[in-house]
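**Q** Please find one structure pasted underneath; my questions will follow.
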Amino acid sequence: MPAGLRIVNNFVHDLATGFWLALVIAASALRRTLVAAGLLAPGRPVLVLLFRWAVVALAFILFTGVVRAAVYRDGGDADPRLKRRLLLIKHALLGAAFALGTAYLYQLALA
């Protein structure tokens, strides 16, 4: 993959991750505000929209992450086996965080 496309892919991956996190924070704050104001029922469609956008962001994260893994180049001085193990641990933790965050968003919007 050309370097320019790899940079764009990495940028989209990081942008979608930040967008997903912002949606989780925004939905949480909005739900608290709606509940406090007694406006949860009329505000629910906005929460559902935020949840749907988070699912779209998650799809971008997963797709660009697969591309990132496919074109990964090791250029460091670290032991490749250690680096691979740490990457697997990092992605397992991030996968759990995304799963929990998306489940939390689902609960906020649709439960």
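**Q** Looking at (1) surrounded by fewer than 15 Cβ atoms within 10 Å (Cβ to Cβ); (2) of a type outside the set (A, V, I, L, M); (3) in contact (Cβ under 8 Å) with a residue 60 or more places away in the chain, find the lone condition where ARG85 falls short.
**A** Condition (3) is where ARG85 drops out.
**Q** Here's something else I'd like to know. Are any residues in segment 65-111 part of a loop (DSSP other than H, G, I, E, B) and under 30 Å from VAL48 (Cα atoms), and if so, which ones?
**A** Residue satisfying the conditions is ALA111 alone.
**Q** Inspect all residues belonging to segment 14-32 and state whether any of them is more than 23 Å from LEU110 (Cα to Cα) and among the hydrophobic types (A, V, I, L, M, F, W, C).
**A** Within segment 14-32 (the criterion being more than 23 Å from LEU110 (Cα to Cα) and among the hydrophobic types (A, V, I, L, M, F, W, C)), the answer is yes, since at least one residue qualifies.
**Q** A follow-up question, please. Could you list, ordered by first residue, the pairs with Cβ atoms under 6 Å in which the first is in segment 35-53 and without any contact (Cβ under 8 Å) to a residue 24 or more places away in the chain and the second is in a helix (DSSP H, G or I) and aliphatic (A, V, I, L, M), at least 6 apart or interchain?
**A** LEU40/LEU34; GLY43/LEU34
**Q** Let me ask you something else. Among all residue pairs at least 6 apart or on different chains, which show Cβ distances below 9 Å where the first residue, located in segment 6-27, is closer than 19 Å to VAL67 by Cα and the second is assigned to a helix (DSSP H, G or I) and among the basic types (Lys, Arg)?
**A** Partner pairs satisfying both residue conditions: ARG6/ARG68; ASN9/ARG68; ASN10/ARG68; HIS13/ARG68.
**Q** Of everything in segment 31-60, what is among the charged types (D, E, K, R) and either surrounded by fewer than 17 Cβ atoms within 10 Å (Cβ to Cβ) or outside any helix (DSSP H, G or I) (or both)? Give them in sequence order.
**A** Hits for segment 31-60 are ARG32, ARG44, ARG52.
**Q** So for segment 66-89 (the condition being modelled with pLDDT of 95 or more and either hydrophobic (A, V, I, L, M, F, W, C) or in contact with a helix residue (DSSP H, G or I) (Cβ under 6 Å, 6 or more places away or on another chain) (or both)), does at least one residue qualify?
**A** Yes, there is a match, as at least one residue in segment 66-89 is modelled with pLDDT of 95 or more and either hydrophobic (A, V, I, L, M, F, W, C) or in contact with a helix residue (DSSP H, G or I) (Cβ under 6 Å, 6 or more places away or on another chain) (or both).
The values are calculated or read from the model by the stated rules, or taken from the named source; none is laboratory data. All values reported here derive from a predicted model rather than from experimental measurement. Using ideal geometry, Cβ is built from the backbone for each residue, glycine included, and neighbour counts are taken over all protein chains shown.
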